[in-house]
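No lab work stands behind these numbers, since they all come straight from the coordinates. Being a predicted model, the structure only gives us computed values, none of them experimental. Positions of Cβ are backbone-derived with ideal geometry, glycine not excepted, and every protein chain shown enters the neighbour counts.
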Amino acid sequence: MKKHLIFIALCIWSCMSVSAQEKPQYYKDVRFGVGVRGPLGSAPEWGSSEILSLSYAHYNLHGIGIRTGVEFMPQNMKVDSYFGIPVAFSIRTRPYSFKESLAIGVESAAYGAVRDVYYGYGPSASSVVGDFLIGLFNRMEFFAGLTPGYIAGKNTPVRTSYSGNNTTVRTMLVQNRFSLTADAGLSMSLPIWRFNLGFVPAVHYYLTKNYRDIRQTVSVVSDSDVSTVVSDTPVRFQFSVLGALSFSF
C-alpha cells in the first residue's frame with residue numbers, strides 16, 4: 001500500500017511540475033485587509049478586536065519597497081477608536097501565475113504524502129490540505145516598520161471577577177493618547193490575475209506607554225481582616241492576523 005501511495009504521489013508531482021516562467025511584473029499594489037488584533041502576555045482577558053487596514057506599496061525591480069497606509073480599530077483593549085499610519089520597509093518574492101501556484105501546491109501535497117509514508121504515518125486529509133495550501137499561497141512579503149497612532153476613545157473599561165473571598169477589579173487605563181509601535185510580519189498570498197488573496201500575521205510592540213492593565217484584588221479573611229493587592233502592568237505586545245485582498249498595477 002505504501003509503495004502505491006509513493007508511486008501515485010511521484011506521478012502527480014512529475015505531471016504537474018512546471019518550470020518558472022516569466023510573468024509580467026507589477027511594481028505597485030493597493031491592499032485592503034480585515035482581521036483581529038489582541039494583546040499577548042499578561043492581558044489576554046481583554047480579548048481581540050477588529051482591525052481594518054488600507055495600504056499602498058511601491059517596489060523596485062528586486063522586490064524591495066515601502067508600504068504605507070491607514071488602519072482603524074473600533075476598539076483596542078476595549079478602549080474606543082484607535083487610528084494608525086503604518087510605514088514599513090518591505091521585501092517580496094518573485095510572482096507566480098495561478099497555474100504555477102496550483103502546481104506548487106500539488107507538489108507540496110505530494111511531497112508531504114511521501115514524507116508521511118516514509119516516516120510510517122498514513123497521510124491524513126488535514127495534512128495533505130495543509131501542505132497544499134502552504135504551496136498554493138507562495139507569494140511571500142516580509143515587512144518591518146513603525147506605526148504612529150492615536151487613541152481617540154475616552155472610556156475606561158472595567159472588569160470585575162469573583163473567586164471565593166476574593167474580588168478582583170481590573171481597569172484598562174490609557175496613559176498617553178499618541179502611540180508608536182514597532183511592527184514586523186509577513187504576508188502569504190495567492191495571485192489571481194492582478195489580484196492577490198492572502199493573510200497577514202504580524203506582531204506589534206508599543207514603544208510608547210499607552211495601555212495600563214491595573215488589577216486590584218481584595219481578599220476578605222474575616223470581618224476585621226481585609227487585604228488589598230494592586231498591580232500595574234503595561235501592555236506592550238499585540239498580535240494581529242488579517243485576511244487581505246490586493247490589486248497590483
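Assorted remarks:
- Debye log10 I(q)/I(0) at q = 0.18, 0.22, 0.24 Å⁻¹ for region 143-249, Cα point scatterers: -0.95, -1.12, -1.20
- Per DSSP, loop trypsin sites (Lys or Arg not before Pro) in region 163-207 with at most 12 further Cβ within 10 Å: Arg194
- If the convex hull is drawn through the Cα atoms of region 59-98, its volume per residue in Å³: 111 Å³
- Summary of the geometry: region 49-75 and region 140-200, compared by the centres of their Cα atoms, lie 15 Å apart.
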